[in-house]
Amino acid sequence: MSEGPAKGIQRRKAGNPDRALRDQGKADAINQAMNLVHVTAVGAAREILDAGRFETRRCPVFGKNLVYFFIMRPAYRLRNGDEKSDQINRFPFVFICSPSNIGTPYHVYPFDTGGAVAGVFGDRPDPYVCLEDYELYPNLESAAAHIDWAFGSIGAYLDGELREGLADRIPHWKAVARGFLTIAGMASSRHNQPDMRASSIEVAYQANIPLKGAVKLAIIPKQFLECGANKNDFIIDKLNKIGVKWETYDWQPNLPPNEFFDVISEITKNYFSNLSDHRA
């Protein structure tokens with residue numbers, strides 16, 4: 001069990017997790033496919049495209065080789081992403097994937113576990129609720145049910161806005177549910193510095209994932225693909241070979257990489273909106 005206040009959400013050292021979040025909401029109330037978003041830096045994306053797959057890496061939180069995604073949000077923040085740079089390799093490159101042929105997740109959590117353990121949510125988390133208590137069922141139906149319970153719709157989830165008055169309907173002794181809402185409220189536009197990591201649903205897989213058949217869209221700095229009359233034919237050819245479409249954002253040097261996530265978020269929202277309109 002947790003031993004009281006400390007930096008970051010603590011791992012459970014003893015006892016059984018109280019996974020009270022698992023049986024909230026209804027999966028069939030959310031009828032949009034749970035697309036996955038993988039955020040990385042341009043430099044790392046070069047290696048991913050060269051390998052033709054997402055490769056697992058050792059996760060310091062869980063001690064396993066995992067590859068990470070978020071449900072429908074580009075929530076991950078790059079290392080040193082708040083520092084200005086003129087190196088395009090440091091800027092965001094986003095993959096949007098269909099989970100259809102990827103397999104069963106290793107785990108599903110209702111927020112960024114790496115950020116939670118590192119303490120990015122400050123002192124807001126309940127120090128007596130451990131990380132494992134928040135784990136959802138390891139499937140995407142559980143993610144849909146969580147969105148239904150906590151947000152009510154895909155649109156509200158994408159905006160980070162929890163159901164109005166939800167906390168008022170939860171008894172104070174339900175520490176896990178109330179603890180989640182306290183953390184998730186940090187993603188709301190009503191928070192003074194909204195952080196989407198606080199309520200973005202994290203999905204991890206334990207196997208390498210081929211890009212072909214999984215990746216549907218890439219969001220890329222325009223200047224990584226073209227510079228005046230010059231085109232990056234090597235990367236464009238790789239994208240075409242795996243059947244990936246792409247959208248671009250207008251990169252500017254000597255700005256912080258994290259500054260571009262607002263425009264990237266709008267691109268992803270438009271993409272998902274178009275998917276939903278097409279199905280309708």
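Within the stretch 206-234, can you find the residues that are part of a loop (DSSP other than H, G, I, E, B) and under 25 Å from the mean Cα position of the chain (by Cα)?
Q206, A207, N208, L211, K212, G213, A214
State the number of residues belonging to the stretch 110-120 that are surrounded by fewer than 21 Cβ atoms within 10 Å (Cβ to Cβ) and not in a helix (DSSP H, G or I).
Of the residues in the stretch 110-120, 2 are surrounded by fewer than 21 Cβ atoms within 10 Å (Cβ to Cβ) and not in a helix (DSSP H, G or I).
Where residues in the stretch 125-145 are among the hydrophobic types (A, V, I, L, M, F, W, C) and in contact with a strand residue (DSSP E or B) (Cβ under 6 Å, 6 or more places away or on another chain), which of them is surrounded by the fewest Cβ atoms within 10 Å (Cβ to Cβ)? Even if it seems obvious, please write down each step before you answer.
Restricting attention to the stretch 125-145, the residues satisfying the condition of being among the hydrophobic types (A, V, I, L, M, F, W, C) are 129-131, 136, 140, 143-145.
This time we only want the ones that are in contact with a strand residue (DSSP E or B) (Cβ under 6 Å, 6 or more places away or on another chain), so: 136, 143.
Details: L136: 24, A143: 28.
Of everything passing the filter in the stretch 125-145, L136 is surrounded by the fewest Cβ atoms within 10 Å (Cβ to Cβ).
Give the number of residues within the stretch 45-72 that are among the aliphatic types (A, V, I, L, M) and loosely packed, with under 14 Cβ neighbours inside 10 Å.
Number of matching residues: 1.
Being of a type outside the set (S, T, Y) and in contact (Cβ under 8 Å) with a residue 40 or more places away in the chain is the requirement here; does K269 meet it? Working first, answer last.
Details: of a type outside the set (S, T, Y): yes; in contact (Cβ under 8 Å) with a residue 40 or more places away in the chain: yes.
Yes; evaluated as a whole, the condition is true for this residue.
For the stretch 232-247, indicate whether the set of residues that are of a type in the set (S, T, N, Q) and surrounded by fewer than 17 Cβ atoms within 10 Å (Cβ to Cβ) is non-empty.
There is at least one residue in the stretch 232-247 that is of a type in the set (S, T, N, Q) and surrounded by fewer than 17 Cβ atoms within 10 Å (Cβ to Cβ).
Just one of the numbered conditions (1) at pLDDT 95 or above; (2) touching a Pro at 6+ places or on another chain (Cβ under 7 Å); (3) under 30 Å from N270 (Cβ atoms) is not true of D133; which one?
With (1) at pLDDT 95 or above; (2) touching a Pro at 6+ places or on another chain (Cβ under 7 Å); (3) under 30 Å from N270 (Cβ atoms) applied to D133, the lone miss is (3).
Look at R90 and say whether it is farther than 21 Å from A143 by Cα, among the basic types (K, R), out of contact with any Cys (no Cβ under 9 Å at 6 or more places or on another chain) and free of Cβ contacts under 8 Å to residues at least 40 places away in the same chain. Before the answer, list the steps.
Working: farther than 21 Å from A143 by Cα: yes; among the basic types (K, R): yes; out of contact with any Cys (no Cβ under 9 Å at 6 or more places or on another chain): yes; free of Cβ contacts under 8 Å to residues at least 40 places away in the same chain: no.
No: the conditions fail for R90.
Step by step: first the residues of the stretch 170-200, then only those that are closer than 20 Å to P17 by Cα, among the hydrophobic types (A, V, I, L, M, F, W, C) and without any contact (Cβ under 8 Å) to a residue 60 or more places away in the chain, then the one that is surrounded by the fewest Cβ atoms within 10 Å (Cβ to Cβ). Which residue is that?
Once the filter is applied, the top-ranked residue is W173.
Please tell me if F261 is surrounded by 15 or more Cβ atoms within 10 Å (Cβ to Cβ) and modelled with pLDDT under 95.
Considered against the rule, which asks whether it is surrounded by 15 or more Cβ atoms within 10 Å (Cβ to Cβ) and modelled with pLDDT under 95, F261 comes out as yes.
Restrict the check to the stretch 42-51 and report whether at least one residue is at pLDDT 95 or above and either under 25 Å from V129 (Cα atoms) or among the basic types (K, R) (or both).
Yes; the residues of the stretch 42-51 include at least one that is at pLDDT 95 or above and either under 25 Å from V129 (Cα atoms) or among the basic types (K, R) (or both).
Any chance you could count how many residues in the stretch 146-169 are surrounded by fewer than 17 Cβ atoms within 10 Å (Cβ to Cβ), outside any helix (DSSP H, G or I) and in contact with a helix residue (DSSP H, G or I) (Cβ under 8 Å, 6 or more places away or on another chain)?
2
Report, ordered by the first and then the second residue, all pairs with beta carbons closer than 7 Å, sequence separation of six or more or different chains, a first member in the stretch 31-42 that is on the phi < 0 side of the Ramachandran plot, and a second member that is assigned to a loop (DSSP other than H, G, I, E, B) and aromatic (F, W, Y).
Pairs found: V39/Y76; A41/F91; V42/F91.
The values are calculated or read from the model by the stated rules, or taken from the named source; none is laboratory data. If you're wondering where the values come from, they're calculated on a predicted model, not measured in any experiment. Please note: Cβ atoms are built from the backbone with ideal geometry, for glycine as well, and neighbour counts cover all protein chains shown.
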